[in-house]
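Colleague: Below is the structure I would like to discuss, written out as structure tokens.
The values are calculated or read from the model by the stated rules, or taken from the named source; none is laboratory data. All values reported here derive from a predicted model rather than from experimental measurement. Here Cβ is always computed from backbone atoms with ideal geometry, including for glycine, and neighbour counts include all displayed protein chains. Please note that ligands, DNA and RNA were not included when accessible areas were found on the heavy atoms of the full protein model with its side chains. Shrake-Rupley method; radii C 1.70, N 1.55, O 1.52, S 1.80 Å.
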Amino acid sequence: MYKTIHQYYLYILTNKTCGTIYIGVTNNLERRMYEHKNKLIEGFTKKYGLNKLLYIETYQYVKDAIKREKNMKKWKRQWKIDLIEKDNPNWKDLSKDWTHLID
């Protein structure tokens, strides 16, 4: 019998360079980005137009991803910016070329 390995993603979104920052967790990043880009889910990300993927971390266990998310939400804004800019200094939308995300 094979054990299924799951992946969970902590991700950071924005609406523009140095704009509003949102931190979330999902088990299906492509589906979640489709939802964000097409404004399918009511709430904070839809209200502020947060649909640019800036940063991703991958976890095997959902509890680890949620723990990291809760911790990061307590961070100062500058710490979040520093984390983003370490690997993505130009705030490039990492999902920009995922053409199947747009209807």
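Colleague: Report relative contact order for the chain in percent, whole number only (criteria: Cα-Cα under 8 Å, sequence separation at least 6).
Modeller: 34
Colleague: While we're on this one: Answer with one residue from Tyr11, Asn38, Met72: the one whose Cα lies farthest towards the positive end of the charge dipole of the chain, charges on Cβ with Lys, Arg +1 and Asp, Glu -1.
Modeller: It is Met72, whose Cα lies furthest towards the positive end.
Colleague: What does the helix-only formula give at 222 nm for the chain: each DSSP H stretch with n ≥ 4 adding -39500 (n - 2.57), the total divided by the residues, and the result rounded to the nearest 500 deg cm²/dmol?
Modeller: Dividing the helical sum by the residues of the chain leaves -10000 deg cm²/dmol.
Colleague: List the aspartates and glutamates whose Cα lies under 19 Å from the Cα of Lys74, skipping any in the same chain that are fewer than 8 positions away.
Modeller: Those aspartates and glutamates meeting the cut-off are Glu57, Asp64, Asp82, Glu85.
Colleague: What is the calculated FRET efficiency for Lys86 to Tyr61, with r their C-beta to C-beta distance and R₀ = 22 Å, to the nearest 0.05?
Modeller: Once rounded, the FRET efficiency stands at 0.35.
Colleague: Please report, as a whole percent, how much of the solvent-accessible surface of the chain comes from carbon and sulfur atoms (probe radius 1.4 Å).
Modeller: For the chain, the apolar C and S fraction of the accessible surface comes to 51 percent.
Colleague: So with the 1.4 Å probe, I'd like the accessible area per residue for the chain, rounded to whole Å².
Modeller: For the chain, the per-residue accessible area is 68 Å².
Colleague: How many nm is it between the label spots at Arg68 and Asn38, if each spot is 7 Å from the Cα in line with the beta carbon?
Modeller: Modelled inter-label distance: 2.7 nm.
Colleague: Can I ask one more? Show me the three semi-axes of the equivalent ellipsoid for the chain, from the C-alpha gyration tensor (sqrt of 5 times each eigenvalue), largest first, rounded to whole Å.
Modeller: Semi-axes, largest first: 21, 18, 13 Å.
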